Every structure is written in C-alpha cells, then in structure tokens.
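Peer 1: I have a structure I would like to understand better, so I am pasting it below and will then ask my questions one at a time.
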Amino acid sequence: MEGQMDAKVKKIWDLIEKSNGKFFSVEFEKKDGSIRKMTARTNVRKYVTGGGLKFDPKKRGLVVVWEPAAAKKTGNGYRMVSVARVKKIKVNGQEHVFA
C-alpha cells in the first residue's frame, strides 16, 4: 500500500507541475472528511504579501494553489491541497482518477 501511495503522490505532483501554471480541476478529501472540488492554478505571485510561509508545504505533502472563486469570495485565493488526498484531477484536458 505504501508503494502505491508514493506512486500516486508522485504522479499527482508530476501532473500539477506539467500544468505550467494553467488552470486545472481537482477533487480531494479535506481533513474533516468532506469532498472539495476546485479549479485552481499554481505559480500565482500577484497577491503575495512578502511574509512567506514558515514551513515548506511540499515537505508536508501540500501544494499551494490559487483559486479565483475563493479570491472573489474572501479576497484571499491561496489554498493548500493535500496531494495524498486527491481523488480526481483534470490537467490539460485529461482526467485522472485515483482510489
């Protein structure tokens, strides 16, 4: 099971990196067990305040994304997605489903 998890996480990281900052859709399980769907992108720097994070998200299995719907609603569109909890991701028109 551990090897499968590592392969899944590696594949998801590769897919997100291949998006090259373009929008992608992701469906994942949140900490509370609920399912969350979002359309987001990486590599957004426009709204960075300069404070930075006090930890490395990648070491914790998280990817920082920017979600326009959240930005519109709260003014802060930055979100973190746990790569290990991803159920489905659609990148460059291709959908990938994970168990």
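The values are calculated or read from the model by the stated rules, or taken from the named source; none is laboratory data. This one's a predicted model, so the numbers in the text were calculated from it and none came from an experiment. Neighbour counts run over all protein chains shown; Cβ positions are idealised from the backbone, glycine included.
Peer 1: Every residue in the range 28-48 that is among the β-branched types (Val, Ile, Thr), over 16 Å from Lys18 (Cα atoms) and part of a loop (DSSP other than H, G, I, E, B), please.
Peer 2: Within the range 28-48, the first condition is being among the β-branched types (Val, Ile, Thr), and the residues that meet it are 35, 39, 42, 44, 48.
If we keep only those that are over 16 Å from Lys18 (Cα atoms) too, we end up with 35, 48.
The one that is among the β-branched types (Val, Ile, Thr), over 16 Å from Lys18 (Cα atoms) and part of a loop (DSSP other than H, G, I, E, B): Val48.
Peer 1: In the range 70-99, how many are assigned to a helix (DSSP H, G or I), touching a strand residue (DSSP E or B) at 6+ places or on another chain (Cβ under 7 Å) and hydrophobic (A, V, I, L, M, F, W, C)? Spell out the reasoning first.
Peer 2: Let us first name the residues in the range 70-99 that are assigned to a helix (DSSP H, G or I), namely 70-74, 83-85.
From the residues that got through so far, the ones that are touching a strand residue (DSSP E or B) at 6+ places or on another chain (Cβ under 7 Å) too are 70, 83, 85.
From the residues that got through so far, the ones that are hydrophobic (A, V, I, L, M, F, W, C) too are 70, 83.
Summing the residues that are assigned to a helix (DSSP H, G or I), touching a strand residue (DSSP E or B) at 6+ places or on another chain (Cβ under 7 Å) and hydrophobic (A, V, I, L, M, F, W, C) in the range 70-99 gives 2.
Peer 1: What residue, of Gly50, Gly33, is small (Gly, Ala, Ser) and more than 24 Å from Lys90 (Cα to Cα)? So that I can check it myself, show each step before the final result.
Peer 2: Numbers: Gly33 fails: more than 24 Å from Lys90 (Cα to Cα).
Exactly one of Gly50, Gly33 is small (Gly, Ala, Ser) and more than 24 Å from Lys90 (Cα to Cα), namely Gly50.
Peer 1: Within the range 66-81, is there a residue that is surrounded by fewer than 14 Cβ atoms within 10 Å (Cβ to Cβ), touching a residue at least 40 places away in the same chain (Cβ under 8 Å) and more than 18 Å from Ile35 (Cα to Cα)? Walk me through it before giving the result.
Peer 2: Going through the range 66-81, the residues surrounded by fewer than 14 Cβ atoms within 10 Å (Cβ to Cβ) turn out to be 69, 72-76, 80.
The next check asks that each one be touching a residue at least 40 places away in the same chain (Cβ under 8 Å); those that pass are none.
Checked the range 66-81: no residue is surrounded by fewer than 14 Cβ atoms within 10 Å (Cβ to Cβ), touching a residue at least 40 places away in the same chain (Cβ under 8 Å) and more than 18 Å from Ile35 (Cα to Cα).
Peer 1: So, one more: Based on this model, can you work out whether Lys37 counts as under 14 Å from the mean Cα position of the chain (by Cα) and surrounded by 12 or more Cβ atoms within 10 Å (Cβ to Cβ)?
Peer 2: Values: under 14 Å from the mean Cα position of the chain (by Cα): yes; surrounded by 12 or more Cβ atoms within 10 Å (Cβ to Cβ): no.
Taking the combined requirement at face value, the residue does not satisfy it.
Peer 1: Considering (1) hydrophobic (A, V, I, L, M, F, W, C); (2) without any contact (Cβ under 8 Å) to a residue 40 or more places away in the chain; (3) surrounded by 10 or more Cβ atoms within 10 Å (Cβ to Cβ), say which one Phe55 fails and leave the rest.
Peer 2: Failing condition for Phe55: (3).
Peer 1: Condition first: within 18 Å of Phe24 (Cβ to Cβ), more than 11 Å from the chain's Cα centre (by Cα) and polar (S, T, N, Q). Now tell me which residues in the range 70-99 satisfy that.
Peer 2: Across the range 70-99, the qualifying residues are Asn92, Gln94.
Peer 1: Quick check: anything in the range 30-38 modelled with pLDDT of 95 or more, of a type in the set (Asp, Glu) and in contact with a helix residue (DSSP H, G or I) (Cβ under 8 Å, 6 or more places away or on another chain)?
Peer 2: Within the range 30-38, not a single residue is modelled with pLDDT of 95 or more, of a type in the set (Asp, Glu) and in contact with a helix residue (DSSP H, G or I) (Cβ under 8 Å, 6 or more places away or on another chain).
Peer 1: Let me ask you something else. Can you tell me which residue within the range 20-34, out of those that are within 15 Å of Lys87 (Cβ to Cβ) and among the basic types (Lys, Arg), is surrounded by the most Cβ atoms within 10 Å (Cβ to Cβ)?
Peer 2: Restricting to residues being within 15 Å of Lys87 (Cβ to Cβ) and among the basic types (Lys, Arg), the top hit is Lys30.
Peer 1: Then there is this: Restricting to the range 58-69, what's the tally of residues that are over 11 Å from the mean Cα position of the chain (by Cα) and either in a loop (DSSP other than H, G, I, E, B) or over 20 Å from Lys22 (Cβ atoms) (or both)?
Peer 2: Number of matching residues: 2.
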